[in-house]
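Following: one structure in structure tokens, then a few remarks.
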Amino acid sequence: MDFSFEAKKTQQRLLSELDFSQLTAQQKSTFISRLETNFQPLFEQVFPLYQHCFDLHFHLKVLLQSFIDFQKKKRPAQIKDKSEFWFESNKNVGIAVYVDLLADDLSSLINKIPYFESLGVNYVHLMPLYLSPEGNSDGGYAISDYRTVAPNLGTNKDLKDLASALHKKGIRMVLDFVFNHTSDEHRWAEAAKSGEQEYQDYYYFMGEQEAFEYNQTVREIFPQIRRGSFTYLPELDRHVWTTFNSFQWDLNYANPAVFVAVVEEMLHLILNGCDVLRLDALAFVWKEKGTVCENLPKAHNLIKAFKACLDIAAPQVVFKSEAIVHPDEVNKYIGADECTLSYNPLMMALLWESLATRQTNLLYQSLERSFSIPQHTTWVNYIRCHDDIGWLWDDAISSRLGMDGFGHRRFLNQFYTGQFEGSFAAGVPFQENPVNGDCRVCGTLASLAGVEKAIAADDPLLLDHAIKRIRLLNGINFAMPGIPLLYQGDDLGVLNNDDYLNDPTKAEDSRWVHRKKLTEQDFALAEDTSTPQGKIAQIVREMIQIRKNNTLFAAQEFELVPLGSEHLFAFKRQMENKTLLVIANMSEHLVALEHLPLGQSLSQLIGQDTAMNLLNKELVDLPSLSLIEPLDILWLVNN
């Protein structure tokens, strides 16, 4: 098929059927110009998905008309920075927050903007804030209505006012686009439960035998909640696909009506003023019997189709992928035609792995293979997030290093949940699989790094080590290419909180251990530099300011630098004649710089014999630098 010809023909037919009457001449001209550029990419992605659908032309017409109608709707004041590649700047620093855990509601969150400014944050990710079921809603990831803010958080107007207030201060707003599933209380799900065939086709309903056949190849995500990926509905005598919780029904994107309907919900999210949409659970959006139903080729067709819609309707908004899957699969979602930004779960997991083992071989070899991504895309790097830690590295790499993948993951789970003798961590297990013992790990940065145990033991040395680990992790995170993302409370050194165990709607979900309601006391402790929390907060603030004041942290040229020790991790960033060399010691011992690969010296790497350590403003004589202090990190730059 000649896609170019067929796309052009289809586009012209559709244009003749669309209603532009409510657009100004300028709006119409701008829209048609974007359509000319992006209709063929859209057509090329939807055709493999829906070529068998006799009503595809109808759905495309509905889709394009929704784009036209969107153009006339008012959005909050836009951010002043219109840079196409704004995400490559060293000025970017992000934080992810729950509205009601940092403030009380959307209106009071506006009062936290001065805190964001003082911290140096210009990218704020608001965790899900839309209407969801009472009680357990998977932290808001079960959406009952994409178009209604949860009443306890405020109104759509409050969200738009917040967006305007953030934009006025140069801060971008990030919202979640939960498009793999809805809650079972969504109007589509309610209509399906009432027997409406049109809406039953929005989900995956099937009999017991077919559900059994699918379950033979799909992965269990929440094995403590429910075995398999389906939930039985006695009132319909049918099984419905529920990858996650039983109240989260997976959408059936094999139905083009679902694609069109969800795009319309996406446009509504954009109307509330967001600059970035985080694509939640995007690896699961396409299903085919006999496969694992993750990362399938048509999942990429679907996401690229969403991106083409974005480029037509709202090109100033970008996608961020949340693919917590095999590293090779994570990278496939990143590109100009798919997701501009992507979480970097591999680096997050392997930084914790290196702290536990005091070795960096797996970190080096994994990043060497997986860190490189296309031009004008970027990683969102993080140490902790709202979710658990999963150990998703490539077993082929660990096997080459003599590690048994399953056994090593079991060790890490035991280490970070305090079950391994000598562990510094106070994490909590999440979703332990009763069959194979696999699980993931929860906890705040401070508790996982050893602060909680050190305070309990009243041991100054252990506390010193714990704070140095936090400095080390942040030092790598803020120095790597990409946007560094803090998680709420980790900027304040907050410890695990067990209050969730007293709430029946949260007690079964250990991720709430690091979803603490932040109090005035938390902020007060962080302002007192004699406390562990104050020391941590000071470290974070100082690193952010150093990063934002040095354009070298926007350098796109990046190289891992092996230093001849299994305990050290180093990398180099280059911008014209300026070089940043980062060296980190993952162990609690002095590590010698005995020899560098290929006979290079630190002086050769930097281009001179002296370098400034940006973290303490001291000049370092590189030929005499022979030892790296325990759990230390250096940010070395040439003059």
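Which of the residues spanning the stretch 361-378 are touching a Pro at 6+ places or on another chain (Cβ under 8 Å) and among the β-branched types (Val, Ile, Thr)?
Result: Thr378, single match.
Within the stretch 56-83, restricting attention to residues that are within 20 Å of Phe306 (Cβ to Cβ) and not in a helix (DSSP H, G or I), which residue is farthest from the chain's Cα centre (by Cα)?
Lys73
Check the stretch 92-108 and report whether any residue there is over 23 Å from Gly482 (Cα atoms) and either part of a strand (DSSP E or B) or β-branched (Val, Ile, Thr) (or both).
Yes, the stretch 92-108 contains a residue that is over 23 Å from Gly482 (Cα atoms) and either part of a strand (DSSP E or B) or β-branched (Val, Ile, Thr) (or both).
Of the conditions (1) touching a strand residue (DSSP E or B) at 6+ places or on another chain (Cβ under 8 Å); (2) open to solvent by 10 Å² or more (accessible area, probe 1.4 Å), Gly475 fails just one. Which one is it?
Among (1) touching a strand residue (DSSP E or B) at 6+ places or on another chain (Cβ under 8 Å); (2) open to solvent by 10 Å² or more (accessible area, probe 1.4 Å), the lone unmet condition for Gly475 is (2).
In the list Val258, Val240, which residue meets the criterion of being touching a residue at least 24 places away in the same chain (Cβ under 8 Å) and either closer than 26 Å to Asp387 by Cα or among the polar types (S, T, N, Q) (or both)?
Val240
Scan the strands (runs of 3 or more DSSP E) fully inside the stretch 558-639 and keep the ones with 3 or more residues being of a type in the set (A, V, I, L, M) and closer than 30 Å to Glu353 by Cα.
578-585, 633-637
Is it the case that some residue within the stretch 458-470 is within 21 Å of the chain's Cα centre (by Cα) and open to solvent by less than 20 Å² (accessible area, probe 1.4 Å)?
Checking the stretch 458-470: at least one residue is within 21 Å of the chain's Cα centre (by Cα) and open to solvent by less than 20 Å² (accessible area, probe 1.4 Å).
Is there a residue being open to solvent by 50 Å² or more (accessible area, probe 1.4 Å) and in contact with a helix residue (DSSP H, G or I) (Cβ under 7 Å, 6 or more places away or on another chain) anywhere in the stretch 618-638?
Looking through the stretch 618-638, at least one residue is open to solvent by 50 Å² or more (accessible area, probe 1.4 Å) and in contact with a helix residue (DSSP H, G or I) (Cβ under 7 Å, 6 or more places away or on another chain).
Can you pull out the residues in the stretch 302-344 that are within 18 Å of the chain's Cα centre (by Cα), part of a loop (DSSP other than H, G, I, E, B) and more than 19 Å from Leu49 (Cβ to Cβ)?
Result: Val317, Glu322, Ala323, Ile324, Val325, His326, Ala336, Thr340, Asn344.
If Lys28 meets every condition in (1) surrounded by 15 or more Cβ atoms within 10 Å (Cβ to Cβ); (2) in contact (Cβ under 8 Å) with a residue 12 or more places away in the chain apart from one, which number is that one?
The one condition Lys28 does not meet is (2).
Within the stretch 145-159, is even one residue more than 29 Å from Gln545 (Cα to Cα) and among the basic types (Lys, Arg)?
Yes, the stretch 145-159 contains at least one residue that is more than 29 Å from Gln545 (Cα to Cα) and among the basic types (Lys, Arg).
Identify all residues within the stretch 31-73 that are among the basic types (Lys, Arg) and either under 15 Å from Gln316 (Cβ atoms) or open to solvent by less than 50 Å² (accessible area, probe 1.4 Å) (or both); write none if there are none.
Listed by number, the residues that qualify are Arg34, Lys73.
Answer with yes or no whether Ala396 is of a type in the set (Gly, Ala, Ser) and in contact with a helix residue (DSSP H, G or I) (Cβ under 7 Å, 6 or more places away or on another chain).
The answer is no for Ala396.
Taking the stretch 340-382 as the search range and keeping residues that are β-branched (Val, Ile, Thr) and closer than 18 Å to Ile583 by Cα, which one is surrounded by the fewest Cβ atoms within 10 Å (Cβ to Cβ)?
Checked the stretch 340-382; the qualifying residue surrounded by the fewest Cβ atoms within 10 Å (Cβ to Cβ) is Thr357.
Okay, residues lined up against (1) out of contact with any His (no Cβ under 9 Å at 6 or more places or on another chain); (2) part of a loop (DSSP other than H, G, I, E, B):
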residue: Arg469; (1), (2): yes, no
residue: Leu472; (1), (2): yes, no
residue: Leu485; (1), (2): no, no
residue: Leu492; (1), (2): yes, yes
residue: Asn496; (1), (2): no, yes
residue: Glu508; (1), (2): yes, yes
residue: Lys517; (1), (2): yes, yes
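If a residue has to be open to solvent by 30 Å² or more (accessible area, probe 1.4 Å), under 26 Å from the mean Cα position of the chain (by Cα) and of a type in the set (S, T, N, Q) to count, how many in the stretch 498-534 make the cut?
Matching residues across the stretch 498-534 total 2.
Could you say which residue among Leu448, Leu486 is of a type in the set (A, V, I, L, M), open to solvent by less than 20 Å² (accessible area, probe 1.4 Å) and under 21 Å from Phe116 (Cβ atoms)?
That would be Leu486, the only listed residue that is of a type in the set (A, V, I, L, M), open to solvent by less than 20 Å² (accessible area, probe 1.4 Å) and under 21 Å from Phe116 (Cβ atoms).
Taking the criterion of being over 21 Å from Pro327 (Cβ atoms), among the charged types (D, E, K, R) and open to solvent by 20 Å² or more (accessible area, probe 1.4 Å), would at least one residue in the stretch 398-414 satisfy it?
no
Would you call Trp249 in contact with a helix residue (DSSP H, G or I) (Cβ under 6 Å, 6 or more places away or on another chain), open to solvent by less than 10 Å² (accessible area, probe 1.4 Å) and not in a helix (DSSP H, G or I)?
Yes: the conditions hold for Trp249.
Since Ala257 meets every condition but one in (1) in contact with a strand residue (DSSP E or B) (Cβ under 7 Å, 6 or more places away or on another chain); (2) assigned to a helix (DSSP H, G or I), which condition does it not meet?
(1)
When you check His595 against the structure, is it at negative phi, out of contact with any Leu (no Cβ under 7 Å at 6 or more places or on another chain), surrounded by fewer than 16 Cβ atoms within 10 Å (Cβ to Cβ) and modelled with pLDDT under 95, yes or no?
yes
Only one of these is at negative phi, in contact with a Leu (Cβ under 9 Å, 6 or more places away or on another chain) and hydroxyl-bearing (Ser, Thr, Tyr): Ser229, Ser321, Ser246. Name it.
Sole residue among the options that is at negative phi, in contact with a Leu (Cβ under 9 Å, 6 or more places away or on another chain) and hydroxyl-bearing (Ser, Thr, Tyr): Ser321.
Please go through (1) of a type in the set (A, V, I, L, M, F, W, C); (2) over 30 Å from Tyr141 (Cα atoms); (3) within 24 Å of the chain's Cα centre (by Cα) for Trp391 and return the number of the only condition it doesn't satisfy.
Among (1) of a type in the set (A, V, I, L, M, F, W, C); (2) over 30 Å from Tyr141 (Cα atoms); (3) within 24 Å of the chain's Cα centre (by Cα), the lone unmet condition for Trp391 is (2).
The values are calculated or read from the model by the stated rules, or taken from the named source; none is laboratory data. Remember, it's a predicted structure, so these values are computed and weren't measured experimentally. No Cβ is skipped: glycine too gets one built from the backbone with ideal geometry, and neighbour counts run over all protein chains shown. Keep in mind that these areas ignore ligands, DNA and RNA; they rest on the heavy atoms of the full protein, side chains included. Shrake-Rupley method; radii C 1.70, N 1.55, O 1.52, S 1.80 Å.
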